[in-house]
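Inspection log for the structure reproduced underneath, given as structure tokens.
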Amino acid sequence: MAKLDELALLDATAQAELVRRREVKPIELVDAAIERIERINPAINAVVTPMFEQARTLAMSELPDGPFTGVPFLLKDLIASYAGVRMASGAMILRDFVPDYDSELVTRLKRTGLIILGKTNTPELGLMATTEPRLFGPSRNPWDTGRITGGSSGGSAAAVAAGLVPMAHGNDGGGSIRIPASCCGIFGLRPTRARNPLGPEYGDIQSGLVVEHALTRSVRDSAALLDATSGPMLGDPYWAPPPARPFLQEVGANPGQLRIAFTVTTNATPSGAAVHGDCVSAVHEAARLCADLGHKVEEVPPPVPGEQVLLALGTLWGAGCVWTVDRVAFLMGQAPTPEKFEPNTWLLYELGRQHSASAYLGALETIQRIARDVSCFIVNYDVWLTPTLAEPPVPLGTFDYNPDNPWHGRIREGDFVPFTTLCNLTGQPAMSVPLFWNAEGLPIGTQFIGRFGDEATLFRLAAQLEAARPWADRRPPVSA
């Protein structure tokens, strides 16, 4: 029988196998995870809404026979509703909001046999690349608690990196799975647009920017979970091309000789800031590793003008912020006023209100043209490799609002995340893989972008990289 204090070292697949073999009971996995959360969470502030008692009750009941029966899991406190449990979305205005239904994704997560122990921290309404909401306070990076976890799935990433649970829910509207995966040294895959459902509340969000999935320690967990949750919900406006076979079967399959393009520069930073040397080194090292594994690797410049990307994103995100703020204010029976929201949120809200319907449709046209340009570029390659972020994890407070320079935080944030946002525009799958740690011991993720609908190639390559350069044994100073 596995020692309970060693369970934190196992991925979700291994924990589920222990349950299947009756070597561990679900309640033992749950109690061990709760003990870790109670002991470690005060240092990293990853879990903001515990669900411990209902998790224990569920663990002692008859669970669905799924791929992760009895395995502890955490739900990001954004978009995915769990009936009867607060969903504050990092916002003061929603601190008492309790939905009365499960999102389709939550229904599918429950069907896998996962046991949800609580909800994780997120920035206000998921609108920042760092998880520092005024409502709950900042999540702290387990590798250095003075640094950010990334956003908006920062609480989930910190929880997985610290070993509280083997995997946790995340969603991604501009890099919100890949950014925290890079900051916290874990695996984060953003699936193809519409691979997972957003219903019943949404058909899509912000014209397809947002996708749902998870942050994991292992590649196989990510693949198996995507198998269990993906597929359209009745009435969805569109859906991703179905895979040829289960994603889990791609893990360990021979990827063949891939054609990999790599880029270490960007023309999409608002201030024109350069990419940090550690992030450049991480890509070069990943490119060498891919070449050593037999792949054909070629350096290429960025394929699309950064100014087009920034203008389109500014319009789309601004409009999305207006919709979100107005929606939550209406939901709570209040008028949207600046004192009810954080300054960086209200700044984006005011920008969005300046855009016309014509400007919004023009931005969509630009985005569709960018998607075609990138598709034409990547037709010559199987995978495109870039930095995940333009810098290592930065100190907490780096993106704070400055009343003397109101746009400082937003511009500084844009300099930090110029590589992740493109896939939210094009709908392509992309993953941040933890292959590099810098001299300070901070994780630096590298991003691999696949063709639209082709998570299969990414999973094959990720598993090959995981075998060649294992990361599961790397543990941050704050961990189980």
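A few comments on the model shown:
- The set of residues in segment 113-137 being touching a Leu at 6+ places or on another chain (Cβ under 7 Å) and surrounded by fewer than 23 Cβ atoms within 10 Å (Cβ to Cβ) consists of Gly113, Ile116.
- All conditions but one from (1) closer than 21 Å to Ala371 by Cα; (2) without any contact (Cβ under 8 Å) to a residue 12 or more places away in the chain apply to Gly277; the one that does not is (1).
- Looking across segment 9-31 at every residue that is small (Gly, Ala, Ser) and crowded, with 21+ Cβ neighbours inside 10 Å, the one that is nearest to Lys119 (Cα to Cα) is identified as Ala12.
- For the residues Ala480, Ala430, Ala439, the requirement of being small (Gly, Ala, Ser), over 19 Å from Leu316 (Cβ atoms) and at pLDDT 95 or above singles out Ala439.
- In segment 243-295, of all residues being in a helix (DSSP H, G or I) and of a type in the set (A, V, I, L, M), the one that is surrounded by the fewest Cβ atoms within 10 Å (Cβ to Cβ) corresponds to Ala291.
- Within segment 77-102, tally of residues that are outside any loop (DSSP other than H, G, I, E, B) and in contact with a Phe, Trp or Tyr (Cβ under 9 Å, 6 or more places away or on another chain): 2
- Among the criteria (1) of a type outside the set (Asp, Glu); (2) within 23 Å of Gly150 (Cβ to Cβ); (3) in contact (Cβ under 8 Å) with a residue 24 or more places away in the chain, the one Pro42 does not fulfil is (3).
- Looking only at segment 42-71, and only at residues there that are small (Gly, Ala, Ser) and not in a loop (DSSP other than H, G, I, E, B), the one that is surrounded by the fewest Cβ atoms within 10 Å (Cβ to Cβ): Ala43
- For Leu74, the conditions (1) in a helix (DSSP H, G or I); (2) under 22 Å from the mean Cα position of the chain (by Cα) all hold with the exception of (1).
- Residue that is modelled with the highest pLDDT, among those in segment 296-331 that are among the hydrophobic types (A, V, I, L, M, F, W, C) and part of a loop (DSSP other than H, G, I, E, B): Val300
For (1) free of Cβ contacts under 8 Å to residues at least 40 places away in the same chain; (2) closer than 20 Å to Gly188 by Cβ, each residue gets a yes or a no:
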{"position": "Ala91", "(1), (2)": "no, no"}
{"position": "Leu94", "(1), (2)": "no, no"}
{"position": "Pro99", "(1), (2)": "yes, no"}
{"position": "Asp102", "(1), (2)": "yes, no"}
{"position": "Arg111", "(1), (2)": "no, no"}
{"position": "Lys119", "(1), (2)": "no, yes"}
{"position": "Ser152", "(1), (2)": "no, yes"}
{"position": "Ala162", "(1), (2)": "no, yes"}
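- Where strands (runs of 3 or more DSSP E) fall entirely within segment 142-242, none has at least 1 residues that are modelled with pLDDT under 95 and under 25 Å from Thr386 (Cβ atoms).
- The number of residues in segment 170-191 being touching a Gly at 6+ places or on another chain (Cβ under 8 Å) and hydrophobic (A, V, I, L, M, F, W, C) comes to 5.
- Test: residue in segment 336-357 that is part of a helix (DSSP H, G or I), under 26 Å from the mean Cα position of the chain (by Cα), under 17 Å from Thr421 (Cα atoms) and among the β-branched types (Val, Ile, Thr): no
- Count of segment 203-217 residues, restricted to those that are surrounded by 24 or more Cβ atoms within 10 Å (Cβ to Cβ) and of a type in the set (Ser, Thr, Tyr), is 1.
- Test result for Leu78, over 13 Å from Asn45 (Cα atoms) and hydrophobic (A, V, I, L, M, F, W, C): yes
- Looking across segment 297-335, the residues that are within 23 Å of the chain's Cα centre (by Cα) and among the polar types (S, T, N, Q) come down to Thr315, Thr324.
- Subset of segment 324-356 that is aromatic (Phe, Trp, Tyr) and either touching a Phe, Trp or Tyr at 6+ places or on another chain (Cβ under 7 Å) or in contact (Cβ under 8 Å) with a residue 24 or more places away in the chain (or both) - its residue that is surrounded by the most Cβ atoms within 10 Å (Cβ to Cβ): Phe341
- Flag if Leu361 is among the aliphatic types (A, V, I, L, M), over 28 Å from Ser432 (Cβ atoms), modelled with pLDDT of 95 or more and over 21 Å from the mean Cα position of the chain (by Cα): yes
The values are calculated or read from the model by the stated rules, or taken from the named source; none is laboratory data. What you see is a predicted model; the values in this text were computed from it and never measured. Cβ atoms come from the backbone with ideal geometry, glycine included; neighbour counts cover every protein chain shown.
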